[in-house]
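Notes follow the structure.
The values are calculated or read from the model by the stated rules, or taken from the named source; none is laboratory data. Owing to the predicted nature of the structure, the values given are computational and were not obtained by experimental measurement. When we count neighbours, we look across all protein chains shown, and the Cβ atoms used for this are built from the backbone with ideal geometry, even at glycine. In case anyone asks, the SASA skips ligands and DNA or RNA and just uses the protein heavy atoms, side chains included. Shrake-Rupley method; radii C 1.70, N 1.55, O 1.52, S 1.80 Å.
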Amino acid sequence: MDTKESIDIIKSSGQKMKFSLDKLRNSLKHSGANHELVEEIVSKVYDELFEGITSNEIYNRAYSLLKKNKSVFASKYKLKKAIYELGPTGFPFERFIAAILQYSGYEVEVDIVVNGACVTHEIDVIAEKNDTATLIECKFHNEEGRNCNVKIPLYIHSRYNDVKAHWVTNKNNKPLNKGWVVTNTRFTQDALTYGKCADLYLLSWDFPENDGLKDRIDRLGLYPITVSSLLSKREKQFLLSRNIVLCRQLVEDKFYLDHLGISNERKSKILDEISQLCKA
């Protein structure tokens, strides 16, 4: 099964790349599907490949085959796209990052206005842990294929330095640790190089290696509500507007499903799906 590995597929960014069976196989394994199901889907997708097929078309086919088998597999498989669905504004993404940090032992505040030496700044998330405070700026992209270039950490570093120059450590303010830049996409190499040089902590979809956003989500079972393959877009937007951004939060506040007028039978299926994700 290797004659089609030389075909070009079109990424979301418009760039061409060679199709990779291993990449498809690994992403399916990551969903929790067993070996037999993974190989069955790989075979079906492979048979339907053609020169110039888009990565989205490949994804949609694999997703539909997973969903037919088990919705929780499909939900895990769509994690990256689910984070894009937190848009179109970056506000739910900020809440999502704050929730991940909160479940990781941080005390968090969202959208806090603080004074700098020169101007005031609205900080997306301030997180406190181990007697230090961390300033976190979130850069959300709702279009696939867009990466964070060096301008983003440059800009955020200057804001951090302005705040730091005015920061007073007292009973209300813990000592500043460092600045974070978090994105749902990826950083360019220049951005990564600058972040390291400026001592910024950069967190993206797959950086740092083995500790990126996707790794943290999987490790902690903190999936966004938008991964659900059973909730409609309107229902997801309703939940996000009530600051329910994690599946775990919906398990704890399931009464929101009653507000949506969801039948008991469907409610049971939704809660079963997201409960499995929380345990994944």
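The helices (runs of 4 or more DSSP H) falling completely within segment 50-103 that include 2 or more residues that are of a type in the set (Gly, Ala, Ser) and in contact (Cβ under 8 Å) with a residue 12 or more places away in the chain map to 55-69, 71-77, 91-103.
Taking Val113, is it at pLDDT 90 or above and open to solvent by less than 30 Å² (accessible area, probe 1.4 Å)? Spelling it out, it is not the case that Val113 is at pLDDT 90 or above and open to solvent by less than 30 Å² (accessible area, probe 1.4 Å). With respect to the conditions (1) at pLDDT below 95; (2) within 24 Å of Phe91 (Cβ to Cβ), Phe187 lacks only one, and its number is (1).
Counting only helices (runs of 4 or more DSSP H) that sit wholly inside segment 179-252, those with at least 1 residues that are in contact (Cβ under 8 Å) with a residue 60 or more places away in the chain are 213-220, 233-241, 247-252. Only residues that are at pLDDT below 90 and open to solvent by less than 80 Å² (accessible area, probe 1.4 Å) were counted across segment 1-10, and they come to 5. When you check Gly221 against the structure, is it on the phi > 0 side of the Ramachandran plot, open to solvent by less than 10 Å² (accessible area, probe 1.4 Å) and either of a type in the set (A, V, I, L, M, F, W, C) or within 16 Å of the chain's Cα centre (by Cα) (or both), yes or no? Yes. Taking every residue in segment 141-167 that is within 28 Å of Lys81 (Cα to Cα) and pairing it with any residue that is aliphatic (A, V, I, L, M), at least 6 positions away or on another chain, the pairs with Cβ-Cβ distances below 6 Å are Cys148/Ala191; Asn149/Ala191; Val150/Ala191; Pro153/Val181; Pro153/Ala191; Pro153/Leu200; Ile156/Val181.
Here Ser228 meets the list (1) buried (at least 21 other Cβ atoms within 10 Å of the Cβ); (2) at pLDDT below 95; (3) outside the structural domain of Lys267 (by the TED database) almost entirely, failing just condition (3).
In the set (1) touching a Leu at 6+ places or on another chain (Cβ under 8 Å); (2) more than 27 Å from Lys81 (Cα to Cα), the condition left unmet by Phe187 is number (2). Entry remark, segment 193-218: residues being of a type in the set (A, V, I, L, M) and more than 18 Å from Leu135 (Cα to Cα) number 1 in total. Screening segment 92-134 for residues that are more than 13 Å from the chain's Cα centre (by Cα) and of a type in the set (Phe, Trp, Tyr) and picking the one that is nearest to Ile244 (Cα to Cα) gives Tyr103.
For segment 255-271, the criterion of a residue being open to solvent by less than 70 Å² (accessible area, probe 1.4 Å), of a type outside the set (Val, Ile, Thr), within 24 Å of Gly90 (Cβ to Cβ) and not assigned by the TED database to the domain that holds Gln102 is satisfied by at least one position. Among the residues of segment 19-42, those identified as surrounded by 12 or more Cβ atoms within 10 Å (Cβ to Cβ), out of contact with any Leu (no Cβ under 7 Å at 6 or more places or on another chain) and part of a helix (DSSP H, G or I) are Leu21, Lys23, Leu24, Arg25, Ser27, Leu28, Lys29, His30, Leu37, Glu39, Glu40. Here His121 meets each of (1) open to solvent by 50 Å² or more (accessible area, probe 1.4 Å); (2) farther than 17 Å from Ile225 by Cα with one exception, condition (1).
Can you pull out the residues in segment 54-87 that are closer than 22 Å to Gly145 by Cβ, of a type in the set (A, V, I, L, M) and open to solvent by 10 Å² or more (accessible area, probe 1.4 Å)? Within segment 54-87, Ile58 is the sole residue that qualifies.
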